[in-house]
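This report concerns only the one structure given below.
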Amino acid sequence: MIKFDGHDWCWVRDGESQLHAHHVSQTITHGGGAIFVWGCMTSCGMHYMCKIEGKMTQTMYISILQDGFMKTIEWYRFKPSCIIFQHYNDLKYTTK
């Protein structure tokens, strides 16, 4: 395998179409890690962000709204009756 012009190149014999292990190099494109967060933004700026451990559930989402979202409202001294809250329609966000 040879690096050239930002790519890995290898040569195969005429008539050989099967890939072998020595033709392939393994890569990790993003470091192999992930972190999930919930955050909000307002017309005055951004504020509280919550780290999500594991899969977000409807119970966790309600807890985040009661804690992080309400702290943001208090921080900016918004009137709750004047807020337009927007989110996408994932089932955990639209549950009754």
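The values are calculated or read from the model by the stated rules, or taken from the named source; none is laboratory data. Fair warning: this is a prediction, and the values are worked out from it, not measured in the lab. Here the Cβ positions follow ideal geometry from the backbone for every residue, glycine too, while neighbour counts run over all protein chains shown.
Remarks
- Failed item in (1) closer than 30 Å to residue 3 by Cβ; (2) in contact (Cβ under 8 Å) with a residue 24 or more places away in the chain; (3) among the hydrophobic types (A, V, I, L, M, F, W, C), with residue 44 passing the rest: (1)
- Tally of residues being free of Cβ contacts under 8 Å to residues at least 12 places away in the same chain and of a type in the set (Lys, Arg) across the range 47-76: 1
- Going through (1) surrounded by 12 or more Cβ atoms within 10 Å (Cβ to Cβ); (2) polar (S, T, N, Q); (3) at pLDDT below 75 one by one, residue 57 falls short only on (3).
- The residues of the range 60-96 that are among the basic types (Lys, Arg), surrounded by 11 or more Cβ atoms within 10 Å (Cβ to Cβ) and modelled with pLDDT of 85 or more amount to a single one, 71.
- If you go through the range 2-48 and keep only what is assigned to a strand (DSSP E or B), aliphatic (A, V, I, L, M) and modelled with pLDDT of 80 or more, you end up with 37, 41, 46.
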